[in-house]
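Report on the following structure.
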Amino acid sequence: MSSNISSGAKEIARAVNARECSAREVVEATLARIASVEPQVGAYLSVLEREARDGADALDARIASGERFPLAGVPLAVKDNMALEGTVTTCGSKMLERWVAPYTASAVRSMLAAGAIPVGKANMDEFAMGSSCENSALGVTRNPYDLERVPGGSSGGSAASVAAYEATIGLGSDTGGSIREPAAFCNLVGFKPTYGRISRYGLIAFASSLDQIGPLTRNVEDAALAYDAMAGFDPMDATSVDRAVEPTANALREDLQGVRIGVVKQFDTHKLGNDIDDVYDRALHDLEALGAEIVEVELPTADYGLATYYLIAPAECSSNLARFDGVRYGLRVDGNDVAEMNERSRAAGFGPEVKRRILIGTYALSSGYYDAYYVRAQKARTLVARDFAKAFESCDLIAAPATSSPAFRFKSKSDPYSMYLMDYYTIPMSLAGLPALSVPCGWVTPEGGERAMPLGLQLTAPLFAERALLSAAHAYERATMHASKHPMQIAEVTR
């Protein structure tokens, strides 16, 4: 093998470990690709050229001495809300525009230990609040399949970098769909594990009871390799689950014989339009052709997911973001006294969507409204989890859309509510803490569009059933090969 950056993570690691090519060669090819397409795509807020070359040289020396690594030399994009020591970590916000991380997030450290090489910090919606990546205060990221359309959010930079072959694996965070939606928009696999399965230590918090790190990749096998590298208990994270992890990459299957897949009665896809409904209907037939049994299940509280999430997540964000006050770190705008300094710093440092969610959350937590809003939302969240538990009594996995539409044009969703609705199909799984992923399932041409755009099928499993989830997604992916059927608007690398 040469240093072909279109290869999957498994093949890159095999070749680097076998010394058929060096990690430095893979990094140089990736940096050349970044230099070529990044002016069009804008996936990164910072490209780590020196760090990547130094890391590759150090890895090559260790391999020469006999060590081997499961992700040797694999180029990695890191969402810019994950700390990486010595790099600027901004959360896509003016508040942290110059903040240099003094330590490395546990998930990133695990990827480094597995041999991955970070090549850049990826753009994102500010503090992970958004579904399009349009809320970044520091850059514009475009969808490689249509540069006039959004890449999805909030992990839009990580998704765009992997889709554009500027990285092999992208790390994202998913609070209400921020891995799965950009994966669907960018023709990728986006995997959110069970809440607590991958450490959040070093992830700058948005909503602490919902945030979860996961990979964005061009195939399921790469997602499994990344998950296997990162999953496990971390005493540095109070929400980390101390439970044995089943390896997944060595257990992927080719069929779905004996697997019962639930279709949620409340998730009616007819309202999405005939073209989109046909894609999802065809996906269900493909699952059946692989041997799965399709059964109908109910989630009676599904329609309450959006309202529940947009009380809980803003409430937690208003608490988490209180630390950005201009005193300890981040942007500081001086005033006549501390209160004025706090006010000016936060006014200048936070963008409109972040301010909106802080206001919603502060209101929901305020005296006189706490019980009426926040407490009731937590009760509703419990009911959502119960509904999923009941549904899984009659099925092994649940299939649903990952998004209600393909990627949309920039600035086409002018009001916040229409943007929030993009998370309708992903939020319930996040509220229940379940593992879920998006896998490419077909293409549609949006109204007024000239290019076909991808859609994603969302598969969801019971808590800690990542092995079954990735295995089923792999079988579907191998049988359909949707990810390879349409070209990007930018030039693709030679496959």
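The values are calculated or read from the model by the stated rules, or taken from the named source; none is laboratory data. Just so you know, these numbers come straight off a predicted model, no measurement behind them. Counting neighbours? That spans all protein chains shown, and the Cβs are built from the backbone with ideal geometry, glycine included.
Filter the stretch 16-59 down to the residues that are crowded, with 19+ Cβ neighbours inside 10 Å and on the phi > 0 side of the Ramachandran plot and list them by number. GLY42, the sole residue that qualifies. Among residues of the stretch 280-296 that are of a type outside the set (D, E, K, R), those with a Cβ under 6 angstrom from a residue that is in a helix (DSSP H, G or I), sequence gap 6+ or separate chain, pair up as LEU290/ALA475; LEU290/ALA479; ILE294/LEU284; ILE294/GLU288. All conditions but one from (1) surrounded by fewer than 18 Cβ atoms within 10 Å (Cβ to Cβ); (2) modelled with pLDDT under 95 apply to ILE5; the one that does not is (1).
The set of residues in the stretch 443-471 being in a strand (DSSP E or B) and surrounded by fewer than 22 Cβ atoms within 10 Å (Cβ to Cβ) consists of TRP443, VAL444. When the residues of the stretch 105-122 are filtered to those that are under 19 Å from the mean Cα position of the chain (by Cα) and assigned to a loop (DSSP other than H, G, I, E, B), which remaining residue is surrounded by the most Cβ atoms within 10 Å (Cβ to Cβ)? Ranking the qualifying residues of the stretch 105-122, first place goes to ALA116. Identification of helices (runs of 4 or more DSSP H) wholly contained in the stretch 368-440 with 2 or more residues that are under 20 Å from the mean Cα position of the chain (by Cα), over 20 Å from PRO454 (Cβ atoms) and not hydrophobic (A, V, I, L, M, F, W, C) yields 427-432. Restricting attention to the stretch 123-148, the residues being buried (at least 24 other Cβ atoms within 10 Å of the Cβ) and outside any loop (DSSP other than H, G, I, E, B) number 4.
When you scan the stretch 41-52, do you find a residue that is free of Cβ contacts under 8 Å to residues at least 24 places away in the same chain and among the polar types (S, T, N, Q), even just one? So far as the stretch 41-52 goes, no, none of its residues is free of Cβ contacts under 8 Å to residues at least 24 places away in the same chain and among the polar types (S, T, N, Q). Of all the listed residues (ARG19, ARG68, ARG33), the sole one being in contact (Cβ under 8 Å) with a residue 24 or more places away in the chain and either of a type in the set (Phe, Trp, Tyr) or part of a helix (DSSP H, G or I) (or both) is ARG33. For the stretch 291-311, the condition holds for no residue, the condition being that it is farther than 30 Å from VAL439 by Cα, modelled with pLDDT of 95 or more and not in a loop (DSSP other than H, G, I, E, B).
From the list ILE198, ILE204, the one residue that fits, being farther than 20 Å from SER132 by Cα, buried (at least 24 other Cβ atoms within 10 Å of the Cβ), aliphatic (A, V, I, L, M) and over 11 Å from the mean Cα position of the chain (by Cα), is ILE198. Are any of the residues in the stretch 483-494 in a helix (DSSP H, G or I), touching a residue at least 60 places away in the same chain (Cβ under 8 Å) and not basic (Lys, Arg)? Yes, the stretch 483-494 contains a residue that is in a helix (DSSP H, G or I), touching a residue at least 60 places away in the same chain (Cβ under 8 Å) and not basic (Lys, Arg).
Here SER484, SER430 are screened, and the one residue that is of a type outside the set (A, V, I, L, M) and crowded, with 18+ Cβ neighbours inside 10 Å is SER430. For ARG409, the conditions (1) closer than 30 Å to ASP277 by Cβ; (2) crowded, with 18+ Cβ neighbours inside 10 Å; (3) in contact with an Asp or Glu (Cβ under 6 Å, 6 or more places away or on another chain) all hold with the exception of (2). The C-beta contact set for the stretch 135-146 (first residue at negative phi, second residue in a loop (DSSP other than H, G, I, E, B) and acidic (Asp, Glu), distance under 7 angstrom, 6+ apart or interchain) comprises ASN135/ASP125; SER136/ASP125; LEU138/GLU97. Of all the numbered requirements in (1) closer than 30 Å to ASN250 by Cα; (2) of a type outside the set (A, V, I, L, M, F, W, C); (3) out of contact with any Lys or Arg (no Cβ under 9 Å at 6 or more places or on another chain), GLN378 misses one, and that requirement is (1).
The residue list VAL162, VAL189 contains one member that is β-branched (Val, Ile, Thr) and either farther than 26 Å from ALA385 by Cβ or touching a Cys at 6+ places or on another chain (Cβ under 8 Å) (or both), which is VAL162.
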